[in-house]
Amino acid sequence: MQHSVLYQPSYTLLQLILDEGESVQAEAGAMVSRTPNVEMQTQARGGILGGLKRLVGGESFFINTFTCASREGELTLAPPLPGDLLHIPMTGGSVFVQSGSYIANTPGITIDSKWGGARSFFSGEGLIILKADGAGDLFVSSYGAIHAVELAQGQTYIVDTGHMVAFDATMTYNVRGAGGMKETLLSGEGLVCEFVGPGRLYLQTRSMDAFLKFLVPKLPKSGS
């Protein structure tokens, strides 16, 4: 399978060239276009129970599998928000992906939900992540550009939860307030995630939560 990320960094499009018999799994609604010889099959991830678990993880109940039936075929995918796309080659380890950033993966990778903790869920931050295991090609998206940070053994780094895209499972992490009570409530930062290396962390330069906080007060009120 060949892949190209087009129109970076703001309005990216993932172009996949599939040989006969090759397939890729993609998030429901991510397809932009395909040639007629690329067939689509829709199913609940891991059956009905697996699909329900995935729905709790913040993703679609369904997953689409695209298979090239003959010759060479093309499939294009795109995220719902303006931003970048990233190819993460996996060789047998694990990568955690923020639920809204998952786009697609090749069959050698399994995607499962991982609960991010009740504290983050009830905060409205939505720190619910998916776990990717195996070997193959993983594709993730961002709102804004993608910024990679490499952490050495024991190195600590603090990230606003709204800016997370993905991170290596070799790192440990802990969700906490941005500071003391005053900082957590009044700084506008809410919760942060503290990572400890080694591993690589991928961040997005924009936050959907921050955008909504900016936009909603400017919307017309009903009756106005």
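The values are calculated or read from the model by the stated rules, or taken from the named source; none is laboratory data. Predicted model, so just to flag it, every value in this text is computed and none were measured. Every residue, glycine as well, gets a Cβ built from its backbone with ideal geometry; the counts of neighbours run over all protein chains shown.
Observations on the structure shown:
- Within region 103-116, the only residue that satisfies the criterion of being at pLDDT below 95, surrounded by 18 or more Cβ atoms within 10 Å (Cβ to Cβ) and not small (Gly, Ala, Ser) is 111.
- Scanning region 132-170 for residues that are over 22 Å from residue 8 (Cβ atoms) and among the hydroxyl-bearing types (Ser, Thr, Tyr) returns 156, 157, 161, 170.
- Near pairs, Cβ below 6 angstrom, 6+ apart or cross-chain, from region 171-182 (within 16 Å of residue 128 (Cα to Cα)) to any residue that is surrounded by 17 or more Cβ atoms within 10 Å (Cβ to Cβ) and at pLDDT 75 or above: 173/193; 173/195; 175/191; 175/193
- Residues considered: 144, 100. Of these, the only one that is out of contact with any Lys or Arg (no Cβ under 6 Å at 6 or more places or on another chain) and at pLDDT below 95 is 100.
- Condition broken by residue 31, with the remaining ones in (1) crowded, with 16+ Cβ neighbours inside 10 Å; (2) modelled with pLDDT under 90 satisfied: (2)
- Any hit, region 5-24, residues being under 13 Å from residue 141 (Cβ atoms), modelled with pLDDT under 95, in contact with a Pro (Cβ under 6 Å, 6 or more places away or on another chain) and not in a strand (DSSP E or B): yes
- Tabulated pairs, region 74-102, first part of a helix (DSSP H, G or I), second β-branched (Val, Ile, Thr), C-beta under 7 angstrom, 6+ apart or interchain: 99/128; 99/129; 101/140; 101/165
- Of the residues making up region 36-78, those that are modelled with pLDDT of 90 or more and loosely packed, with under 15 Cβ neighbours inside 10 Å are 36, 39, 40, 41, 42, 65, 69, 70, 71, 72.
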